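Trainee: Handing you a structure now.
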Amino acid sequence: MKKRNQVITVLLATSLIIILNSCSKNDNNIPEGNLTEIHTPTNNNQQIDNEHKSSFNENDEITAAYRVGFVDERFELLSLVFRLAGRSEYSEISTIYQRQMDSTFSEYKQHPVVAYTVDNLHFGYDAVFGMAIHLEKRESGFTLTNNTGFLFEETGEITRWTPENSIEFLELLNDFYLISDFSGFFNEYADYYTEHSERFANEIHNGINFQWFSQHGINPDNIRVVISPSSSSNGYGGWLYGQSPDETIVYAALPGSTDYSGYMSFVIHEFTHAISNPIAKEWYLQNEEFRRWSDDSLDLARMPNYSSGMIMAYEYVTRAYTILYMFENSNANLYQLFHSEIAGGFPYIQQVYALITDHEIVEFGTDISTVLGIKDYVIREEHSFNLSGRLIKWHFIDLVDYEIIPEDHTQTEVGNLFGSQTGEVLLVIMDDSSFLYIDLGSAQHQGWPSQHRMYSVYPLN
């Protein structure tokens, strides 16, 4: 599992306040607007999906039966049940669509499936998506697929889905699905789902190198994306085992967004869980050094969702493979990729990357050229500020033929001292230490006053 934003370390006056690492996507998922702009379609889900199928590059007919574009009725249904049950990760109401979902189905909060979820299913997050991709629709309602190996796999966590609670849950879910007319709600928003799907296809999906996954045992034709406008900020990976590894279907679930342009590493992260989790599990059980790295990185105050050494092991290897993909398939700066993960609470990421690539640990100098991956830049005049007897100096840096992409950098600090704008780069000198600051935009949406800025900070030699 991954969340879209990373660790946030706040620089305010003279104090550093660590808030939280939560790798989540906190954009408002859906633009504000008039709901009357969404029209009720006259054709059913299958017809809608087939009409747009080629542009979305989706070719799984079974999956398509539940789809409008990349939006999957099964996951929206389960997300709704866990929303009504009060699970925080499914309860965001920052968009019109989420508020409309709350309003439409609030009368069903006392339905037995909701009560059962509250009383018996003490889990959420990726377990909800795991159930969704193992459902098939029959005339009598939803049933489980025959290949439930992933759904009932032991993960070293609390007990999640079992054959027993799955049967009990599905019986109640089918009743809820019928009496709430969820299919009618889903059909009503078909145009809205299609609009999201088309943007995601154009901004991200069409640029993914699916063939890259074949060298790691995944059939490129069996890779699927699910966009969930009802979800909040989390992404999930999951898979449906086939009779052979080549037939396994790999899924990535992502929250909806007004802007998908920064989602590339997000979706790759969820895909690579299918590569990484089996490797990480074996290493955690058999490699004492790797197990120590995973256990030492546990920080429940900072990363409460990563609650065990095994989960940290999954995340370490997944993040290493994500870095490998981004390095091999984009212009991503390897130093920046490592630094983002280290700042996000994964200090051994370079060692794990060395394991998956059979390489020595990559050593970096930490000058401006290395951090930015460029040679040509101009350091401008010096500015200074005396903060309680501490002299802070900074220079704006002009980049020659190079443009900062804020989404490529992890937010590590918030501050209001430098007067910078989005995309600007500064050389900052505090005491005898030098840092590179990259302005990622206003921090106002995080609750800070309007003059506060988000920064990605890199230490320099």
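The values are calculated or read from the model by the stated rules, or taken from the named source; none is laboratory data. Remember, it's a predicted structure, so these values are computed and weren't measured experimentally. Note that we place each Cβ from the backbone using ideal geometry, even for glycine, and neighbour counts take in every protein chain shown.
Trainee: Within the stretch 302-341, take every residue that is surrounded by fewer than 22 Cβ atoms within 10 Å (Cβ to Cβ) and hydroxyl-bearing (Ser, Thr, Tyr) and give me the one that is nearest to His205 (Cα to Cα).
Mentor: Taking the candidates together, the pick is Ser330.
Trainee: Which of the residues spanning the stretch 392-410 are out of contact with any Phe, Trp or Tyr (no Cβ under 7 Å at 6 or more places or on another chain) and in contact (Cβ under 8 Å) with a residue 24 or more places away in the chain? Talk me through it step by step, then tell me what you get.
Mentor: Going residue by residue through the stretch 392-410, those that are out of contact with any Phe, Trp or Tyr (no Cβ under 7 Å at 6 or more places or on another chain) are 393, 395-396, 401-410.
Those that are out of contact with any Phe, Trp or Tyr (no Cβ under 7 Å at 6 or more places or on another chain) and in contact (Cβ under 8 Å) with a residue 24 or more places away in the chain: Lys393, His395, Phe396, Asp401, Tyr402, Ile404, Pro406, Glu407, Asp408, His409, Thr410.
Trainee: Applying the selection to the stretch 101-124, what residues are within 27 Å of the chain's Cα centre (by Cα) and surrounded by 18 or more Cβ atoms within 10 Å (Cβ to Cβ)?
Mentor: Met101, Phe105, Val114, Thr117, Leu121, Gly124
Trainee: So which of Ile379, Ile438 ends up being assigned to a strand (DSSP E or B), within 28 Å of the chain's Cα centre (by Cα) and modelled with pLDDT of 85 or more?
Mentor: Ile438
Trainee: Does Thr162 count as exposed (fewer than 13 other Cβ atoms within 10 Å of the Cβ), on the phi < 0 side of the Ramachandran plot and modelled with pLDDT under 95?
Mentor: Yes; evaluated as a whole, the condition is true for this residue.
Trainee: If a residue must be farther than 25 Å from Leu151 by Cβ, modelled with pLDDT of 90 or more and surrounded by 13 or more Cβ atoms within 10 Å (Cβ to Cβ), how many such residues does the stretch 261-288 contain? Walk me through it before giving the result.
Mentor: Pass one, the stretch 261-288, residues farther than 25 Å from Leu151 by Cβ: 261-265, 286-288.
Cutting the leftovers down to modelled with pLDDT of 90 or more gives us 263-265, 286-288.
With surrounded by 13 or more Cβ atoms within 10 Å (Cβ to Cβ) added as a condition, the list becomes 263-265, 287.
Going through the stretch 261-288 one residue at a time, the tally reaches 4.
Trainee: So, one more: For residues that are small (Gly, Ala, Ser) and either surrounded by 14 or more Cβ atoms within 10 Å (Cβ to Cβ) or closer than 20 Å to Glu328 by Cβ (or both), tally how many sit in the stretch 342-386.
Mentor: Taking the stretch 342-386 and keeping what is small (Gly, Ala, Ser), we get 343-345, 354, 365, 369, 373, 384.
After this cut, where a residue has to be either surrounded by 14 or more Cβ atoms within 10 Å (Cβ to Cβ) or closer than 20 Å to Glu328 by Cβ (or both) as well, the list is 343-345, 354, 373.
Within the stretch 342-386, residues that are small (Gly, Ala, Ser) and either surrounded by 14 or more Cβ atoms within 10 Å (Cβ to Cβ) or closer than 20 Å to Glu328 by Cβ (or both) number 5.
Trainee: Evaluate the following for Asp432: is it more than 24 Å from Asn333 (Cα to Cα) and either of a type outside the set (S, T, N, Q) or not assigned by TED's automatic domain parsing to the domain that holds Phe327 (or both)?
Mentor: Working: more than 24 Å from Asn333 (Cα to Cα): yes; either of a type outside the set (S, T, N, Q) or not assigned by TED's automatic domain parsing to the domain that holds Phe327 (or both): yes.
So Asp432 fits the description; yes.
Trainee: Let me confirm something: among Tyr353, Tyr335, which residue is under 27 Å from Ile218 (Cα atoms) and assigned to a helix (DSSP H, G or I)?
Mentor: Tyr353
Trainee: Then there is this: With respect to Phe210, determine if the residue is more than 30 Å from Ser140 (Cα to Cα) and crowded, with 16+ Cβ neighbours inside 10 Å.
Mentor: Answer is no for this residue.
Trainee: Here are some residues: Thr422, Thr410. Which one is assigned to a loop (DSSP other than H, G, I, E, B), at negative phi, of a type in the set (Val, Ile, Thr) and touching a helix residue (DSSP H, G or I) at 6+ places or on another chain (Cβ under 6 Å)?
Mentor: From the options Thr422, Thr410, the qualifying one is Thr410.
Trainee: Continuing with this model, one more query. Looking at (1) in contact (Cβ under 8 Å) with a residue 12 or more places away in the chain; (2) surrounded by fewer than 19 Cβ atoms within 10 Å (Cβ to Cβ); (3) of a type in the set (D, E, K, R), find the lone condition where Arg199 falls short.
Mentor: (2)
Trainee: Before we move on, is Tyr236 touching a residue at least 24 places away in the same chain (Cβ under 8 Å), within 26 Å of Ala332 (Cα to Cα) and in contact with a Leu (Cβ under 8 Å, 6 or more places away or on another chain)?
Mentor: Taking the combined requirement at face value, the residue does not satisfy it.
Trainee: Which residues, counting only those in the stretch 441-461, are in a strand (DSSP E or B) and exposed (fewer than 14 other Cβ atoms within 10 Å of the Cβ)?
Mentor: Pro459
Trainee: Report yes if some residue within the stretch 76-86 is modelled with pLDDT of 95 or more, closer than 21 Å to Ser257 by Cα, among the acidic types (Asp, Glu) and surrounded by 15 or more Cβ atoms within 10 Å (Cβ to Cβ); otherwise report no.
Mentor: Among the residues of the stretch 76-86, at least one is modelled with pLDDT of 95 or more, closer than 21 Å to Ser257 by Cα, among the acidic types (Asp, Glu) and surrounded by 15 or more Cβ atoms within 10 Å (Cβ to Cβ), which makes the answer yes.
Trainee: Between a first residue in the stretch 56-74 that is modelled with pLDDT under 80 and a second residue that is small (Gly, Ala, Ser), which pairs have beta carbons less than 7 Å apart while being 6 or more apart in sequence or on different chains?
Mentor: Close Cβ pairs satisfying both conditions: Phe56/Gly69; Phe56/Ser197; Phe56/Ala201; Glu58/Ala64.
Trainee: If you don't mind, another one. Do any helices (runs of 4 or more DSSP H) entirely within the stretch 77-158 hold 1 or more residues that are among the charged types (D, E, K, R) and either under 19 Å from Ser183 (Cβ atoms) or touching a residue at least 40 places away in the same chain (Cβ under 8 Å) (or both), and if so, which?
Mentor: Fully inside the stretch 77-158 and qualifying: 96-105, 126-132.
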